[in-house]
Amino acid sequence: MHVGMVSAAAYGMNAPDAPFEKMTIDRRELGPLDVLIDIKFAGICHSDIHTARNEWGGTRYPVVPGHEIAGIVSAVGSDVTKYSVGDRVGVGCFVDSCGNCGPCRDGEEQYCTAGATATYNSRGADGTRTLGGYSTQIVVTERFVVKIPDDLALDVAAPLLCAGITLYSPLAHWGAGPGKKVAVIGMGGLGHVGVKIAHAMGAHVTVLSQTLSKKDDGLRFGADDYRATSDPDTFTELANSFDLIINTVSVNLNIDLYMSLLAINGTLVELGLPEKPIQVSAFTLAHNRRSLSGSMVGGVPQTQEMLDFCARHGIGAEIEVISADQIDAAYERVVASDVRYRFVIDAATM
């Protein structure tokens, strides 16, 4: 099926301090291995905000964010074998990679040694700039498209394409499961999904949050315990107790204090990206043979594995669906931690 260049409606920013505005963008002509997706929902990730506002530097304008994409296939290239028109699909943080390096061959495209092509604000193999999911349509090569199971509604599935895989990957890698004690620092857009997934894996789950304001939610999502980090007794009572701690917050914490909660051979995994370097005492690491590590989303095969797992266990993100003209207000609310727990844009409103 020949499909020429597609013009799609989108919402983007033209400067770091500019509001979002409606624009028309061109998607590339459908190649033999490409899939054209009619986007139905796009989640808002805090990374979108950092990039749109150039808080990490390197943003090229106009920028169209969005890497939590759920939609329906509307056309496929001549050599596509995995997808057909009408399939429910998703696209996450990356839309291409070299395909030849060790990580790519192992299905760990997020660690592509040549650098994976991000879904937005990146440069594709053809030299054009990638534009993301705050749009009505997108063209993505078949290898970077995943199938959304029928048991998952598209709106609650969208945030799983970033938040879900960001939590699933380290939980799977470090063996969260029966007999393991897992703590999740922060219960926002990432943390709340992590609680659900860790619970479904069979781990004993504790939430470490600044206050107890979300305790009822945390317990409903599957947490066995919920502690306020503002209470100094928390660190005394939970010392040396966790096999795995997942840190989802992007502020600089007292990592020594949190690592003191790790049992022998325990690991603290950084998912948040704080502004300043992380500092930790060598004594803290040496005691209990503790490890400090990091993780960055997951590859395409594991993203599909995560979606299938979430479908089996009835896991979706807790969402608030908004229209495209509410993106600016949603950004302000995310920064103010005023969302439970993920904003999702209804692409029909574009």
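Please treat every number below as a calculation from the coordinates, not as lab data. Note that the structure is a prediction, hence the values are computed from the model and not measured. Cβ sites come from the backbone with ideal geometry, for glycine too, and all protein chains shown count toward neighbours.
Which three extents, in angstrom, do the Cα atoms of segment 254-350 have along their principal axes, listed largest first?
54, 33, 20
Expressed as cubic angstrom per residue, what is the convex hull volume of the alpha carbon set of segment 163-294?
94
For segment 1-73, divide the Cα radius of gyration by the Kirkwood radius and give the resulting Rg/Rh value with two decimals.
Value, to two decimals: 1.01.
Run the helix sum for the chain: -39,500 (n - 2.57) per DSSP H stretch of 4+ residues, divided by residue count, reported at 222 nm to the nearest 500 deg cm²/dmol.
Taken over the chain, the calculation gives -6000 deg cm²/dmol.
Explain nothing, just the number: dipole magnitude of the chain about its Cα centre with +1 on each Lys and Arg Cβ and -1 on each Asp and Glu Cβ, in debye rounded to the nearest 20.
In debye, rounded to 20, the chain gives about 480.
Give me log10 I(q)/I(0) at q = 0.11, 0.18, 0.22 Å⁻¹ for segment 97-182, Debye formula, one equal scatterer per alpha-carbon, no solvent.
Relative scattering, expressed as log10 I(q)/I(0), comes to -0.42, -1.02, -1.30.
At a Förster distance of 56 Å, what's the computed FRET efficiency of residue 38 paired with residue 286, Cβ-Cβ distance as r, to 0.05?
0.55
Estimate the FRET efficiency between residue 235 and residue 325 by the formula 1/(1 + (r/R0)^6), using the beta-carbon distance for r and 35 Å for R0, to the nearest 0.05.
Efficiency, from the Cβ-Cβ distance: 0.20.
On a straight-distance basis, which lysines could pair with residue 82 in a cross-link, Cα separation under 30 angstrom, same-chain partners fewer than 8 positions away excluded?
Correct list for residue 82: 40, 147, 196.
Starting from the 7 Å offset along Cα-to-Cβ, what nm value, one decimal, do you get for the label separation of residue 346 and residue 106?
4.4
If you take every DSSP beta bridge whose two residues both sit in the chain, what share of them, in percent to the nearest 5, is antiparallel?
55
I need 260, 47 ordered by Cβ neighbour count within 10 Å, fewest first.
Least to most surrounded, the residues fall as 260, 47.
For residue 41, which sequence-distant residues (separation of 5 or more, or a different chain) have an amide H within less than 5 Å of its own amide H, given hydrogens modelled in the peptide plane?
Here the answer is 70, 347, since their amide H atoms fall under 5 Å of that of residue 41.
Of the residues 57, 66, 314, which exhibits the maximal mean-square fluctuation in a Gaussian network model of the chain defined by a 10 Å Cα contact cut-off?
In the Gaussian network model the winner is 57.
Highest mean first, what order results for 215-223, 26-34, 333-341, 87-95 on Cβ atoms within 10 Å? Walk me through the intermediate numbers first.
On the way: 215-223: 18.3, 26-34: 16.8, 333-341: 14.1, 87-95: 23.8.
Answer by packing, highest mean first, reads 87-95, 215-223, 26-34, 333-341.
Please compute, over every Cα-Cα pair in the chain, the percentage with a separation greater than 34 angstrom.
Roughly 24 percent, rounded to a whole number.
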